[in-house]
Amino acid sequence: VDEILYPPSDSKFQGKLDERIERTVTILGAKKIEGQYGTSTFYLFEDAEGNRYTWTTSSRDWPIGVSKRIKGTVKGHAKARNEERTILTRCTEV
């Protein structure tokens, strides 16, 4: 269904599981999520090559549209909305 609803993406999976990667990304989206342990924010990032990344955290509150240099650990890879996304964890701003 995603292939019908969403156009193809140039995004490719980045890094290997548990690999620490560093990228300059632009924040495309931020969504607040209420959970068992309080409020977290789900971020969607994109790098200069068009690769997409996600990160969920309760420790940052970044505005949409800004660029950040981040370092994070690859937690996994997933397809969503007809694009390959790299899931990050333990991100820090460099």
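The values are calculated or read from the model by the stated rules, or taken from the named source; none is laboratory data. Everything numeric here is computed off the predicted structure, so don't read it as measured data. Methodologically, a virtual Cβ is constructed for each residue, glycine included, from the backbone with ideal geometry; neighbour enumeration extends over all protein chains shown. Heads up: the accessible areas ignore ligands, DNA and RNA and are worked out on the full protein's heavy atoms, side chains in. Shrake-Rupley method; radii C 1.70, N 1.55, O 1.52, S 1.80 Å.
Entry note, segment 18-57: relative contact order of 34 percent, from Cα contacts under 8 Å with a spacing of 6+ residues.
Remark on HIS77: its backbone amide H falls under 5 Å from those of ILE87, a criterion applied only to residues 5 or more positions apart or on other chains, H modelled at 1.01 Å from N. Debye-formula intensities of the chain, expressed as log10 I(q)/I(0) at q = 0.18, 0.25 Å⁻¹, are -0.82, -1.38 (one equal scatterer per alpha-carbon, no solvent). Counting only protein heavy atoms and a probe of 1.4 Å, the accessible surface of the chain is 49% carbon and sulfur.
Modelled label positions at THR24 and THR56, each set 7 Å beyond Cα in the direction of Cβ, lie 3.0 nm from each other. Looking at the chain, the chymotrypsin sites (Phe, Trp or Tyr not before Pro) that sit in a DSSP loop and have at most 11 other Cβ atoms within 10 Å of their own Cβ are TYR37. For the chain, the relative contact order works out to 34 percent when only alpha carbon pairs closer than 8 Å and six or more residues apart are counted.
If you count only protein heavy atoms with a 1.4 Å probe, what accessible area per residue comes out for the chain, rounded to a whole Å²?
It amounts to 64 Å² per residue over the chain.
With θ taken as phi - 60° and the Karplus curve 6.51 cos²θ - 1.76 cosθ + 1.60 applied, the whole-hertz 3J(HN,Hα) list for segment 5-20 is 7, 10, x, x, 10, 7, 5, 10, 4, 10, x, 10, 3, 6, 7, 8 Hz, x standing for glycine and proline.
With Cα atoms defining each centre, segment 78-94 and segment 1-72 are spaced 5 Å apart in the structure. Amide H contacts under 5 Å for GLU84: SER11, restricted to partners 5 or more places along the chain or on a different chain, H placed in the peptide plane at 1.01 Å from N.
Taken about its Cα centre, segment 1-59 carries a charge dipole of roughly 200 debye when the Cβ of each Lys and Arg holds +1 and the Cβ of each Asp and Glu holds -1. For segment 1-50, GluC sites (Glu not before Pro) meeting the loop criterion (DSSP other than H, G, I, E, B) and having at most 16 other Cβ atoms within 10 Å: GLU19, GLU49.
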